[in-house]
1. Quick one: which of Lys12/Lys212; Lys215/Lys257; Lys66/Lys212; Lys12/Lys176; Lys212/Lys257; Lys66/Lys189 span more than 29 angstrom between C-alpha atoms?
2. Could you sort the peptides 135-147, 35-47 by per-residue average Cβ neighbour count (10 Å cutoff), highest mean leading?
3. Hey, how much of the P(r) for the chain falls beyond 29 Å, as a percent of Cα pairs?
4. How would you order 68-75, 56-63 from highest to lowest mean count of nearby Cβ atoms within 10 Å?
5. If Rh is defined by the Kirkwood formula over all Cα pairs and Rg also comes from Cα, what ratio Rg/Rh do you get for the stretch 153-275?
6. What are the residues whose amide H is under 5 Å from the amide H of Ala14, where those residues sit 5 or more places off or on another chain and H is modelled from the backbone?
7. Please get the size of the charge dipole for the chain, origin at its Cα centre, with Cβ charges of +1 on Lys and Arg and -1 on Asp and Glu, quoted in debye to the nearest 20.
8. Using a Gaussian network model on the chain with a 10 Å cutoff between Cα atoms, which of Ala180, Ala159, Ala262 fluctuates the most?
Amino acid sequence: MSACLHARKMPKIAILAGAHGLPHRVAQACHEQKKDVFVVALRDFADAKWVLDYPYTWLRLGQAGKLFRVLQEQNCTHLVMAGSLRRPRWWNLFPDWEGLKLFLKLKIHRRGDDTLLRALANVFEERGYHIIGADSLLRESLMPHGVLTKIQPNDAQRAAIIGALPYLKEWALADKGQAAIVRPDGMIKYETVLGTDMLIERHGMPGAFLIKIKKPQQDRRFDLPTLGLNTVQNAVDVGLAGIAVEGGNALFLEREKAVALADAHGLFIVGIDAT
């Protein structure tokens, strides 16, 4: 009897799954660590190729009422918000009644990403759910400090990284984005709500490099900067010279493959101290 009671008290983790590889890696980590998990896959964002391997349901971004019902039915106690989301116009979401009330309460189009996520986390916590960060499940995936590739940034590139950091921090502190492209002429282009992939596509060029840092005010339970194979491939495609990411405050997924790809194309990847 006591064993059964103990089993029922074990935390069950719901993964609110957006796009790209982070939600999948979180689900894998839960499985590896023998944690009970349920995937709430967001339509138009999460990848069905991996979602089908776990207990799951599909929801639209605006179905807050259904989300709360599912979490209760599944006896979930903990929640991880993982994966990127594009911020659509709320009237295109076909929200249910709970979703509409939530959107109006949060004033989603008047807030930056970090402010919005904090407010959303508060809503879940008010309902008794514990928000945990993806990094608490993926300790081995934290970005290390130092150069990870065969190619190292040269002295001019190191100086440019250091020189750009105060401007990127100011941008990040305003909750506008957490990445920037530094061009060979010294011009800095910043990430917007469109995300890092679009930043690279629009402003990447041969000789430029990407910098990603954690927003100074950021709650690390959600939206930590993430680097992965897809980002490195995008960097290769536009001819970037390298990538600098804040060590200890970002996640680096598929690290071995990503570093091998960077080595094959002569890019540097370095974990930096942004303080």
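Laboratory data are not the source of any read-out in this text; all were calculated from the coordinates shown. Everything quoted here is computed from the prediction, not taken from an experiment. Heads up, the Cβs are rebuilt from the backbone with ideal geometry, glycines too, and the neighbour counts pull from every protein chain shown.
1. Table pairs above 29 Å Cα-Cα are Lys12/Lys212; Lys66/Lys212; Lys12/Lys176; Lys66/Lys189.
2. 35-47, 135-147
3. 35
4. The packing order, highest mean first, is 56-63, 68-75.
5. Taking Rg over the Kirkwood Rh, I get 0.92.
6. Phe38, Thr77, His78, Leu79, Val80
7. I would put it at about 820 debye.
8. Ala159
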